[in-house]
Amino acid sequence: MYCSVLVTAPDLKTARDIGRTMVERGLAACVNIWEVSSIYRWKGEVHEGPEAAMLFKVPREGFDALRSAILEVHPYEVPCIVGYAITAGHPPYLDWISESAPPSGGEAQKPRRTGNDLIGR
């Protein structure tokens, strides 16, 4: 089983730093990062402003290790770290997630080519 993990950060630089760290440590196969506008309640007040969102792809068994590692480096007091089950997917892509982010958080295997290779990423 696999999951996508949504995490927000205060800005793109912080998101890129967190995302790169997690992928380099073998805790996630990849991360997508984009700018978002958020409206939220914090300490009794409603706030609105820009943030960055990250969407990590990991084996379900690797969620706790990823969450713990994000908490070590995240600047928010209470960061959004939410896992969503991936119930279906392209089998070679799911295999690539397992190869790239072993559930143990250990050294990733050399990943297979994915669709991203076809578009020059």
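The values are calculated or read from the model by the stated rules, or taken from the named source; none is laboratory data. Treat the numbers as computed from the prediction; the structure is a model and nothing was measured. Glycine also receives a Cβ, built like all others from the backbone with ideal geometry; neighbour counts cover every protein chain displayed.
Among the residues of the stretch 77-101, those identified as over 14 Å from Leu6 (Cβ atoms), outside any helix (DSSP H, G or I) and among the hydrophobic types (A, V, I, L, M, F, W, C) are Val78, Ala88, Ala101. Has the stretch 114-121 got at least one residue that is within 22 Å of Asp17 (Cα to Cα) and either more than 14 Å from the chain's Cα centre (by Cα) or at pLDDT below 95 (or both)? Scanning the stretch 114-121 turns up at least one residue that is within 22 Å of Asp17 (Cα to Cα) and either more than 14 Å from the chain's Cα centre (by Cα) or at pLDDT below 95 (or both).
The residues in the stretch 38-54 that are among the small types (Gly, Ala, Ser), surrounded by fewer than 13 Cβ atoms within 10 Å (Cβ to Cβ) and under 17 Å from Ile81 (Cα atoms) can be counted, and the count is 0.
If we keep just the residues of the stretch 71-93 that are out of contact with any strand residue (DSSP E or B) (no Cβ under 6 Å at 6 or more places or on another chain) and in contact (Cβ under 8 Å) with a residue 60 or more places away in the chain, which is nearest to Arg20 (Cα to Cα)? Please lay out each step first, then the result.
Applying the first criterion (out of contact with any strand residue (DSSP E or B) (no Cβ under 6 Å at 6 or more places or on another chain)) to the stretch 71-93 yields 71-79, 87-93.
Now restrict to residues that are in contact (Cβ under 8 Å) with a residue 60 or more places away in the chain: 74-76, 79, 89.
Numbers: His74: 13, Pro75: 16, Tyr76: 18, Pro79: 17, Gly89: 24 Å.
Only one residue tops the list, namely His74.
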